[in-house]
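First the structure, in the form of structure tokens, and then the observations on it.
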Ligand SMILES: [Zn+2]
């Protein structure tokens, strides 16, 4: 399609501004060339019109914490096949997501992004950088290290080499972890401040942001002190310290709490989704079988024992309390003025690649207005990997990554389930039949 105009019913532009009615967007050369709100201009009778005049138009959703190669169930790499990875990618854009940041996968993610199929923009970190025997050594099989998922660095020179290598591979961000306990409560070796500061300084010298995986309340302070740009996951184990929250806010750290991962896992297990007639996730039979076994293990598990093969080795009753603890932590962060971004951490458990709506709703539950929740899921999410000047909002000059949904998103976030059209770089890649 050449130049065209999208006639919007309601436009939510992703910047946090209030929605506007009856705007028109001119798309030219893959980008947003002009946005008009008044009538009687040349855009009214443009030769190519996309009529979304009774729909909501917004920037394509950006998921700033994904694992494209994961598939659901209870472990990393369960039932993984290329066919499933391809299906995952289809599900992502059909759910209105036009960009993802894949955080910790394997070297083959580069090949996945080159598959000759429609796909969202896939930005990636590939490798988790950690200290020798650091997280995720407690649960991740060494075979994944060989595939590029993890690299251990001890000296400053190791850190510099690893970052240079990743930079050359075209990563969009550097991922690390700040974890001082194992999932079953034993001490876990972690970076010194000097190592972590060397890592963030080196990444920043390449213009790369650094994101940190953290799950325990005692570990946020170090990340805030040592130059981390975004912190992923809200604490699992209790109330985060107010001083740490304020330090994170003062440093401008974007918090990606990934609330829906455990929320959906616990809900899916408790409500026995996999054995419900109308639950038919787009995953392979092997993954469905894994979900069935996971559910059975959960139902048979005593409250004081960890569930089945899940690598999060906390007693079942603690696992079930995590969603509430995490939500309270995010509420406090938002209340104190902190910035949050949307990331689903899909896929594990019952958090699949189909839709990010639950995560967006949980951000609203934590205190954002619907329009702010959209900003967290678009412009702010793009800032996690430094692409906020190219994507994430409907503003003149930006790449035309646009989502059209049926329903009034400003009033009701669940309308995001009704994807009508998806445009990436101005090209329509999905239209609901
Ligand atoms: Zn993750």
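The values are calculated or read from the model by the stated rules, or taken from the named source; none is laboratory data. Because the structure is predicted, anything quoted here is derived from the model rather than measured. Positions of Cβ are generated from backbone atoms using ideal geometry, with glycine treated the same way; all protein chains shown enter the neighbour counts.
Remarks
- The condition (being within 16 Å of the ligand (Cβ to nearest atom) and touching a strand residue (DSSP E or B) at 6+ places or on another chain (Cβ under 9 Å)) is satisfied by just one residue among 49, 62, 112: 62.
- Within the range 141-168, tally of residues that are assigned to a loop (DSSP other than H, G, I, E, B) and in contact with a helix residue (DSSP H, G or I) (Cβ under 7 Å, 6 or more places away or on another chain): 1
- Set side by side, the residues 243, 251 differ, and just one is in contact with a helix residue (DSSP H, G or I) (Cβ under 6 Å, 6 or more places away or on another chain), assigned by TED's automatic domain parsing to the domain that holds residue 332 and away from the ligand (no atom under 13 Å from the Cβ), which is 251.
- Screening residue 84 with (1) in the same structural domain as residue 347 (by TED's automatic domain parsing); (2) within 27 Å of residue 174 (Cβ to Cβ) gives one miss only, at (2).
- From 218, 237, residue being surrounded by fewer than 23 Cβ atoms within 10 Å (Cβ to Cβ), touching a strand residue (DSSP E or B) at 6+ places or on another chain (Cβ under 9 Å) and under 23 Å from residue 74 (Cα atoms): 237
- Complete set of residues in the range 349-361 that are more than 13 Å from the chain's Cα centre (by Cα) and surrounded by 23 or more Cβ atoms within 10 Å (Cβ to Cβ): 349, 350
- Set side by side, the residues 223, 198 differ, and just one is modelled with pLDDT of 95 or more, away from the ligand (no atom under 16 Å from the Cβ) and either crowded, with 19+ Cβ neighbours inside 10 Å or over 27 Å from residue 76 (Cα atoms) (or both), which is 198.
- Qualifying positions in the range 115-125 - modelled with pLDDT under 95 and within 16 Å of the ligand (Cβ to nearest atom): none
- The single condition among (1) in contact with a helix residue (DSSP H, G or I) (Cβ under 7 Å, 6 or more places away or on another chain); (2) surrounded by fewer than 21 Cβ atoms within 10 Å (Cβ to Cβ) that residue 396 does not satisfy is (1).
- One residue stands out in the range 18-47 among those that are closer than 30 Å to residue 342 by Cβ and loosely packed, with under 13 Cβ neighbours inside 10 Å: the one that is modelled with the lowest pLDDT, namely 37.
- Test: residue in the range 314-329 that is modelled with pLDDT of 95 or more, in contact with a strand residue (DSSP E or B) (Cβ under 7 Å, 6 or more places away or on another chain), in the same structural domain as residue 73 (by TED's automatic domain parsing) and part of a loop (DSSP other than H, G, I, E, B): no
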